Amino acid sequence: MKKMDTKALKKYAVRVRKHIIDEVYNASSGHPGGSLSCTDILTVLYFAEMRVDPKQPLWEDRDRFVLSKGHCSPALYGVLAEKGFFPKEDLLTFRKADSYLEGHPSMRNVPGVDMSTGSLGQGISAAVGMAMAGKLDNKDYRVYAILGDGELQEGEVWEASMAAAHYKLDNLAVFLDYNGLQIDGKITDVLSPEPVADKFKAFGWNVLKTDGHDIEKILEALKQAKDCKGKPTIIIAKTIKGKGVSYMENQAGWHGSAPNKEQRDQAMAELDKVLAELEVE
Amino acid sequence: MGIAEGNMMAVAAGMASCGKIAFASTFAVFAAGRAFEQIRNSICYPNLNVKVCATHAGLSVGEDGASHQAIEDIAVMRVLPNMTVISPADAVETKFAVKAAIEHEGPVYLRLGRLSVPVIYNESSYKFELGKGIELAEGNDAAIIATGLMVNAALEAKALLQQEGINARVIDIHTIKPIDVDMIVKAARETGAIVTAEEHNIIGGLGSAVAEVLSENYPVPLVRVGVQDKFGKSGKPDKLLEMYGLTASDIVKSTKAVLKKKAGKL
């Protein structure tokens, strides 16, 4: 795997954000807020961490990724397209009846998607199963997942967490995309999962905290996760819902709605500006 | 996996996605009931190679009572795309069904009971073919189509009917999905009267599956023996089967009823 410099990763992340906006705009539906909050994590995973080969999406020894918060498929599809798993033009068919890019990730339709998700709580269990299979087969692949913070309200997350620690799945690293908002408002108002770090500690996990938009810190956390033996790792990543698009940031209303033409153009202008600045630096 | 059925099903899905043939086992109530949506979204939708071994199905769980007696699992499993549903009649058929489940690529729901039941089949001559029923006894007056422990009751009913000069065919449907359309239509054509027998609600199970086949292909009178849309209760298994109308004599009564329908008397 070729290591990328931080600046190149930042550029990929901006391009993925642009894909997200275009996907959701063209589909007139989808989930931009949470997609934008997990974009930097996904970019680091696919461009600097995971052992994957876009030419062999079903390669047995690849690292696995599960988007447990499956509604943020626009971000995953954007990263997979940038990585070369399928043509970028196809992103504009997102959620259309003649497209393979389902609203929620489907492993049977989308090259690079390792698990079908969308029903919250189930993805992390599947990731546990993948990590267990890896151990059973003495494979050295690693398994990664991204959980939503609202998703912590699903009881299955805690069943899976108990199992991951019980089976000492140190080949599993899960990001918590902690943007603090769910469709109905602040997660702490709707049904607080706090204290999150203490809960995972009590469940037997290696608990790390990071800034989910700081490329270098994400990389450092992933290194620490790899170094930890005998325990699964949760990386609690503080993020901003809607990150990168000014009017979407920290707005629960952008959980599951699409921008109109004007909003789309503004978002693109903002993201293009960031991209241009990165080119100059 | 502990007492966490939802997690178990999705863990099995994850394992299967990595090439394992994953067997996930718990009581039928908790497999098909509690973990229904994990089976739907994480196993059937991605068509993963998971075998759900659902034990303690039906009223014959006995003393544990209604909370543990699955009478709706066939119904909810057979409506899932990609799912195969198997309900064996005895130990021999179960053994072969497990092998067939392993050989079949894709999700399988294997419905098993807790009660010891008579062995019907001879292991040395038995042949299991997924999706194919087994004609256990010949007869052209009526056909009794049964599954699970009701197959043995159907054979007993056949003997009782014989004493009264009624010649009933007996068919074991071990694969409820995909169901053996040809064998059911042939039975309808040749006997003109069908009785189904299952340790399951008459809604949604074998009786419904057979009714679907008959009404689309060859409508003939049908009477369904099964749980009459009510929950079970605690008790000795045999006593419960009697209380809920799931015995050989109930099949006899239903066969006589279907014969009256056939003769146009009802």
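On the basis of being touching a strand residue (DSSP E or B) at 6+ places or on another chain (Cβ under 9 Å) and without any contact (Cβ under 8 Å) to a residue 60 or more places away in the chain, does A:ALA8 make the cut?
no
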Self-check item: Within segment A:1-78, helices (runs of 4 or more DSSP H) holding 3 or more residues that are closer than 24 Å to B:CYS18 by Cα and open to solvent by less than 10 Å² (accessible area, probe 1.4 Å)
Solution: A:39-44
Quiz item: Quick one: how many residues across segment A:233-247 are crowded, with 21+ Cβ neighbours inside 10 Å, not in a strand (DSSP E or B) and not aliphatic (A, V, I, L, M)?
Solution: 5
Quiz prompt | Search result, residues across segment A:19-78 that are within 14 Å of another protein chain (Cβ to nearest Cβ), among the hydrophobic types (A, V, I, L, M, F, W, C) and more than 13 Å from the chain's Cα centre (by Cα) | solution = A:LEU58, A:TRP59
Quiz item: Out of all the residues in segment B:214-225, is one or more outside any loop (DSSP other than H, G, I, E, B) and loosely packed, with under 13 Cβ neighbours inside 10 Å?
Solution: yes
Exercise. Tell me, yes or no, whether segment A:231-240 has at least one residue that is out of contact with any Leu (no Cβ under 7 Å at 6 or more places or on another chain) and among the aliphatic types (A, V, I, L, M).
Key: yes
Self-check item: Residue count, segment A:91-109 (criterion: touching a Pro at 6+ places or on another chain (Cβ under 9 Å), within 13 Å of another protein chain (Cβ to nearest Cβ) and in contact (Cβ under 8 Å) with a residue 24 or more places away in the chain)
Solution: 0
Quiz item: What's the number of the condition B:CYS18 fails, among (1) buried (at least 19 other Cβ atoms within 10 Å of the Cβ); (2) out of contact with any helix residue (DSSP H, G or I) (no Cβ under 7 Å at 6 or more places or on another chain); (3) within 14 Å of chain A (Cβ to nearest Cβ); (4) not β-branched (Val, Ile, Thr)?
Solution: (2)
Quiz item: So how many residues does segment B:156-167 have that are more than 15 Å from B:ARG224 (Cα to Cα) and open to solvent by less than 50 Å² (accessible area, probe 1.4 Å)?
Solution: 3
Quiz item: Only one residue in A:ASP177, A:ASP170 is among the charged types (D, E, K, R) and open to solvent by less than 10 Å² (accessible area, probe 1.4 Å), so which one is that?
Solution: A:ASP177
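The values are calculated or read from the model by the stated rules, or taken from the named source; none is laboratory data. Being a predicted model, the structure only gives us computed values, none of them experimental. Please note: Cβ atoms are built from the backbone with ideal geometry, for glycine as well, and neighbour counts cover all protein chains shown. Areas reflect the complete protein model, heavy atoms only, side chains present, ligands, DNA and RNA absent. Shrake-Rupley method; radii C 1.70, N 1.55, O 1.52, S 1.80 Å.
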